[in-house]
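The values are calculated or read from the model by the stated rules, or taken from the named source; none is laboratory data. Model, not experiment: these values are computed from the prediction. For neighbour counting, all protein chains shown are included, and Cβ atoms are generated from backbone atoms with ideal geometry for every residue, glycine included.
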């Protein structure tokens, strides 16, 4: 669920960057990020640092990687590491 939501958010931001010019794309991306991510620091980092990296790679999906880490001792819940690719 987390992987799907994060991938959906990043692909939406990449679409805005391709659709609009830079100023309008940042405004639209900021609007979307503020509706999902509630801290300004995290939103600005996503738009200013991570989004240009993904635009250079020319990808539309596949921004998030999950790796299974095994079972948690005690209740045997599955542990997963989620990383931005």
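Going by the conditions given, is residue 14 outside any helix (DSSP H, G or I) and touching a helix residue (DSSP H, G or I) at 6+ places or on another chain (Cβ under 9 Å)? Walk me through how you get there before you give the answer.
Details: outside any helix (DSSP H, G or I): no; touching a helix residue (DSSP H, G or I) at 6+ places or on another chain (Cβ under 9 Å): yes.
Spelling it out, it is not the case that residue 14 is outside any helix (DSSP H, G or I) and touching a helix residue (DSSP H, G or I) at 6+ places or on another chain (Cβ under 9 Å).
Taking segment 56-85, which residues are closer than 16 Å to residue 6 by Cα, modelled with pLDDT under 85 and over 11 Å from the mean Cα position of the chain (by Cα)?
59, 60
Give the residues of segment 42-85 that are in a loop (DSSP other than H, G, I, E, B) and either farther than 29 Å from residue 27 by Cβ or in contact with a strand residue (DSSP E or B) (Cβ under 7 Å, 6 or more places away or on another chain) (or both), sorted by residue number.
Residues of segment 42-85 that are in a loop (DSSP other than H, G, I, E, B), as a first pass: 58-63, 72-77, 85.
Answer for segment 42-85, where residues must be in a loop (DSSP other than H, G, I, E, B) and either farther than 29 Å from residue 27 by Cβ or in contact with a strand residue (DSSP E or B) (Cβ under 7 Å, 6 or more places away or on another chain) (or both): 63, 72, 73, 74, 75, 76, 77, 85.
Given the conditions (1) under 21 Å from residue 4 (Cβ atoms); (2) in contact (Cβ under 8 Å) with a residue 12 or more places away in the chain, and given that residue 28 satisfies all but one, which numbered condition is not satisfied?
Going through (1) under 21 Å from residue 4 (Cβ atoms); (2) in contact (Cβ under 8 Å) with a residue 12 or more places away in the chain one by one, residue 28 breaks only (1).
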